[in-house]
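The values are calculated or read from the model by the stated rules, or taken from the named source; none is laboratory data. Everything numeric in this text was worked out from a predicted model, so none of it was measured. No Cβ is skipped: glycine too gets one built from the backbone with ideal geometry, and neighbour counts run over all protein chains shown.
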């Protein structure tokens with residue numbers, strides 16, 4: 001699972017990345033602070049199943065606190081994109097290509113309107129954040145178009161001569177964009193495209209690029225800097241203007257402050273919580289107390305959380321539709337080292353018990369006999385559709 005973080009310079013991408021991973025990255029309010037892509041590990045949050053079995057889990061990867069299991073995901077933060085990125089402006093082509101392997105994109109926008117299209121500081125509310133959503137979609141579409149057009153004329157002539165199944169041929173041609181045959185078939189049917197590929201002009205290819213971008217790079221909008229006065233009104237306007245987008249209000253700076261305070265044992269705070277508790281008020285100086293009170297009043301109480309964990313969770317579980325599945329046994333929930341429910345896997349929607357077996361190990365999949373739903377203790381077949389928070393035992397022939 002790779003989550004790509006995109007957006008223009010100074011929108012708060014690096015702060016979002018650091019808040020999500022607590023990695024040491026350079027943060028500054030000038031364009032192109034990030035030059036090389038930053039890789040890091042963050043976590044999505046699910047309700048653990050340990051309490052249902054009256055045990056305390058011991059995760060091999062991630063962690064579990066108070067029944068909340070944090071499952072690791074990979075983050076990729078690329079340099080800020082500016083208008084014309086697909087033409088190479090701002091080193092755009094390089095960083096767009098870095099995103100090619102991402103499963104989902106999180107677009108960080110400055111919802112306070114305090115940075116212009118180039119990422120330069122301007123007075124708050126003086127820039128329209130809707131422009132950022134439109135510009136990034138356009139840049140991604142043009143990036144896809146550039147990749148589609150590469151070698152297209154020769155490919156189209158070959159298709160016209162050999163007459164293969166169109167959706168299969170195009171899917172193979174665009175496999176580097178992670179385009180599948182089913183995906184291409186849907187696009188062709190939706191657009192009611194002419195069967196003669198030679199009639200597809202640049203306008204049609206751009207529309208195809210847009211559809212494929214939406215399919216292969218689903219995107220969530222993280223409305224950052226929501227704590228700035230007036231930003232909440234911009235957020236409400238954006239929800240009306242982009243009803244088909246998932247928009248989440250957030251404050252990367254607030255989340256970073258909360259996680260740092262928790263790391264230094266000044267407060268008790270779990271990512272995504274709507275509140276925090278001071279551990280020892282005497283350890284906090286006045287500046288820290290004022291900052292925490294501001295976060296509590298203007299962010300947590302107003303929006304329910306600082307938003308960063310919600311952004312990550314919604315990107316994986318809502319936008320992608322992934323589910324969390326735990327391997328286990330009806331008679332034994334421990335591994336060979338005595339760890340209870342040590343693993344939790346993120347699986348694509350519509351995954352089957354057999355898919356899960358292959359996820360665990362190729363040999364387990366090849367030797368699959370049946371699966372057992374550990375919660376119900378009932379046997380299920382290879383085509384059983386996994387549900388979120390299932391605990392599954394795989395029975396093999398070896």
Report the residue count in the range 151-168 for those that are surrounded by 13 or more Cβ atoms within 10 Å (Cβ to Cβ) and without any contact (Cβ under 8 Å) to a residue 12 or more places away in the chain. 1
Unique match (being at pLDDT below 95, surrounded by 16 or more Cβ atoms within 10 Å (Cβ to Cβ), out of contact with any helix residue (DSSP H, G or I) (no Cβ under 7 Å at 6 or more places or on another chain) and in the same structural domain as residue 231 (by TED's automatic domain parsing)) among 85, 102, 28: 102
Residue among 299, 308, 323, 295 that is touching a helix residue (DSSP H, G or I) at 6+ places or on another chain (Cβ under 7 Å) and within 18 Å of residue 62 (Cα to Cα): 308
Counted residues in the range 245-269 being touching a residue at least 40 places away in the same chain (Cβ under 8 Å) and closer than 30 Å to residue 185 by Cα come to 2
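Each row is one residue, and each column tells you yes or no for (1) part of a loop (DSSP other than H, G, I, E, B); (2) touching a helix residue (DSSP H, G or I) at 6+ places or on another chain (Cβ under 6 Å); (3) at pLDDT below 90.
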| residue | (1), (2), (3) |
| --- | --- |
| 4 | no, yes, no |
| 15 | no, yes, no |
| 24 | yes, no, yes |
| 34 | yes, yes, yes |
| 39 | no, no, yes |
| 43 | no, no, no |
Step by step: first the residues of the range 172-197, then only those that are over 24 Å from the mean Cα position of the chain (by Cα) and under 16 Å from residue 150 (Cβ atoms), then the one that is surrounded by the fewest Cβ atoms within 10 Å (Cβ to Cβ). Which residue is that? 172
Can you spot a residue in the range 120-128 that is buried (at least 22 other Cβ atoms within 10 Å of the Cβ) and in contact with a helix residue (DSSP H, G or I) (Cβ under 9 Å, 6 or more places away or on another chain)? no
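Here are some residues: 276, 242. Which one is in the same structural domain as residue 7 (by TED's automatic domain parsing), closer than 22 Å to residue 125 by Cα and in contact (Cβ under 8 Å) with a residue 12 or more places away in the chain?
Just a single option satisfies the conditions, and that option is 242.
Considering only residues of the range 258-268 that are under 25 Å from the mean Cα position of the chain (by Cα) and buried (at least 20 other Cβ atoms within 10 Å of the Cβ), which is farthest from residue 70 (Cα to Cα)?
258
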Qualifying residues in the range 279-292 (those that are closer than 16 Å to residue 260 by Cβ and in a helix (DSSP H, G or I)) - the one farthest from the chain's Cα centre (by Cα): 283
Turns out the helices (runs of 4 or more DSSP H) fully within the range 107-225 with at least 3 residues that are closer than 30 Å to residue 250 by Cα are 130-149, 202-216
Wholly enclosed strands (runs of 3 or more DSSP E) of the range 331-398 bearing at least 2 residues touching a helix residue (DSSP H, G or I) at 6+ places or on another chain (Cβ under 6 Å) and free of Cβ contacts under 8 Å to residues at least 60 places away in the same chain: 368-373
